[in-house]
Amino acid sequence: MANASSFFSNPLFSGLNLDASPDFLQQLIECCPVGLVLCRLDGTLIAVNSRLAQLLGRTVEELLSLTYWEITPETYRGAERSQFAGLPNLQHYGPYEKEYWHQAGYTIPVQVSRVVLQHAGESLIWSSVTDISDRKQAEQRLLKHYHLLQSIIDSTPDAIFVRDLQGIYVISNSANSRLFNRTSPEVVGRSDAEFMPLEVAQKLWEVDRRIVQTGISENIEEVLTVGDITYIFNSIKSVWRDAQGNPLGIVGISRDISDRKRAEQALRHYQETLEERVKQRTSDLTKANRKLVAEIVERQQIEKALRQSEAREREKATHLETALHDLQRTQAKLVQSEKMSSLGQLVAGIAHEINNPVNFIYGNITYTGQYVQDLFKLVELYQDCYAQSHPEIVAHIEAIDLEFVQEDLPRILESMRVGAERIREIVLSLRNFSRVDESQMKSVDIHEGLESTLLILQNRLKSKPNRPAINVVKTYSPLPKVECYPGQLNQVFMNVLCNAIDALEAKLESAEAVPANSSDSPTITISTEVRASDWVTISIADNGIGMSEQTLNQLFNLFFTTKPVGKGTGLGLPISYQIIVERHQGYLHCQSQIGQGTEFIIEIPLKQNHQKT
């Protein structure tokens, strides 16, 4: 079909009653965001929509000149021929994944769903086709990150593992898997009960459940029996959480301390034997004294060696805890980076799609106004030249209230121009905030980034049925352009401003209604200034509920949040701290007291030292 009209004018649809609203149905098919295709059981294409043609790089006419099998790679044809043969009995099939040939010679991954339609005694196949190229690329990126993480944890001699809430292994590094004489793929998906006595496995599960329930990490000793061998491990276990802070299971690092424990037992046995020998040899005091001195010296040496060993073990445990924390930070940074990248691409895409039609409207309003004025002048000339107008013309002028139209139409056009200008400003702010194409460091206007962020948050700042509007007071000093990563800096502004809005809403929920003109009305104050000629300071303050000193001390800790479960992830401020301190060599401070509000102070240099990362 060349267009939507030919889709419904096909003889096969002659039985459908589309007289009521054919234009609506035609637009519905053509505007569908997925590809649509109707074909016979032998693969003859009857009708396709423009989305499918666009997906395969062809025109609708080109597609209809082909068969279904000509756009399907050879590897799928056998299975799909069998599927087509069985569809009349199944009535529907899918969704399932496959590929189609693009006109340029490469394949497009898609997801297909099919249903069988009966028409004039013939079975026809109606299919919807969805492009899943972006999802496949995302899966490849995640797989790459997974292999990197697996290589890191496999490089350590300590056992590293992750178990879900049912005790099933999700991750098991090489050291952990060797305990069971298995490879990592053989351990993942199975529980401890399959490798060790049930009573031992149950003790491990009890510890895991306790840690999940309390949410507190533990450093414990565990005795495991695998086959004929008994191991003693020093284990550090923490709760494994998702991006929303919900517990998913346990992540742990275990070190084999069996040799150390045997040495300690041998030392205790030696001490007991020594004391017995002292008692038995009191008759020969001189000889016993010399021997005792030697043994005491030996024992002291052993104790000294043991203390040194314990100190080394403690140091290694500290290094392991640091490594685990670094892994968690890296994981959080990857999650947040992926999320903000997706958000930036989405915002930039929306801004682009809105900008084109708005520019078209805005550009034509001026011409429309000129044409309207010309028409009004023409009407006035007619009225001047033909004072005695025809009665029907006079009646129509009165019916449409021509005088009111002449006054109101210019105002309508002006309001359209103002509205289009406002949309253009919003689109510009969206593009400035996302800055997908500005991942490199560049010199930008800090005030422009703040204004873009405030515009995006405008809906949260407006008054609500249960609270007044949030006032924003700006005290901007003249600033030169600042060298920075614009997208990342906008992310910091967004995180800090969202926290300020949350704090103000929390204060309003816990207090009675506040008049809009009250000095206690919810307010965010933003100020900027140049400090010491080569640093810029941005202050974002609110008069919300404030924070205790204990909360301030943990504010930038990973996964720490004071918000309810499901609302806060504990990632925003730690990521903001990394962006300011590590990426921009700056400072991020917070000052707050309960009931006195909170102030975040951001300080970054005007010029970055490019030797730092």
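Please go through (1) assigned by TED's automatic domain parsing to the domain that holds Leu204; (2) on the phi < 0 side of the Ramachandran plot; (3) in contact with a Ser or Thr (Cβ under 6 Å, 6 or more places away or on another chain) for Ala175 and return the number of the only condition it doesn't satisfy. It fails just one condition, (3).
Just to check your reading of the model, which residue among Ile216, Ile171 is in contact with a Leu (Cβ under 9 Å, 6 or more places away or on another chain) and closer than 14 Å to Ile250 by Cα?
Criteria check complete, one pass: Ile171.
Scanning the stretch 82-115 for residues that are surrounded by fewer than 16 Cβ atoms within 10 Å (Cβ to Cβ) and farther than 22 Å from Ser133 by Cα yields Ser82, Ala85, Gly86, Pro88, Asn89, Leu90, Gln91, His92, Val115. Consider Thr523 carefully, then state whether it is in the same structural domain as Tyr577 (by TED's automatic domain parsing), more than 30 Å from the chain's Cα centre (by Cα), of a type in the set (Val, Ile, Thr) and modelled with pLDDT of 85 or more. Judged against the criteria, Thr523 is not a match.
Residues in the stretch 154-183 that are part of a helix (DSSP H, G or I) and farther than 20 Å from Ile229 by Cα: Asp154 only. Taken over the stretch 373-419, the criterion of being in a helix (DSSP H, G or I) and among the acidic types (Asp, Glu) is satisfied by Asp374, Glu380, Asp384, Glu392, Glu398, Glu403, Glu407, Asp408, Glu414. Considering only residues that are in contact (Cβ under 8 Å) with a residue 24 or more places away in the chain, among the acidic types (Asp, Glu) and either surrounded by 15 or more Cβ atoms within 10 Å (Cβ to Cβ) or under 20 Å from Ser172 (Cβ atoms) (or both), which ones fall in the stretch 188-239? Of everything in the stretch 188-239, those that are in contact (Cβ under 8 Å) with a residue 24 or more places away in the chain, among the acidic types (Asp, Glu) and either surrounded by 15 or more Cβ atoms within 10 Å (Cβ to Cβ) or under 20 Å from Ser172 (Cβ atoms) (or both) turn out to be Asp192, Asp208, Glu222. In the set (1) touching a residue at least 24 places away in the same chain (Cβ under 8 Å); (2) not assigned by TED's automatic domain parsing to the domain that holds Ile580, Ala503 fails one condition alone, (2). Taken together, the criteria exclude Gly595 from residues that are among the small types (Gly, Ala, Ser), in contact with a strand residue (DSSP E or B) (Cβ under 6 Å, 6 or more places away or on another chain) and modelled with pLDDT of 85 or more. Within the stretch 116-139, is even one residue surrounded by fewer than 16 Cβ atoms within 10 Å (Cβ to Cβ) and more than 30 Å from Arg81 (Cα to Cα)? Yes, the stretch 116-139 has at least one match.
Answer with yes or no whether Ser151 is surrounded by 12 or more Cβ atoms within 10 Å (Cβ to Cβ), free of Cβ contacts under 8 Å to residues at least 24 places away in the same chain and in a helix (DSSP H, G or I).
No.
Among the conditions (1) surrounded by fewer than 19 Cβ atoms within 10 Å (Cβ to Cβ); (2) within 14 Å of Ile125 (Cα to Cα), Tyr68 misses just one, which is (1).
The values are calculated or read from the model by the stated rules, or taken from the named source; none is laboratory data. Predicted model, so just to flag it, every value in this text is computed and none were measured. With ideal geometry, Cβ positions are generated from the backbone for all residues, glycine too; neighbour counts draw on all protein chains shown.
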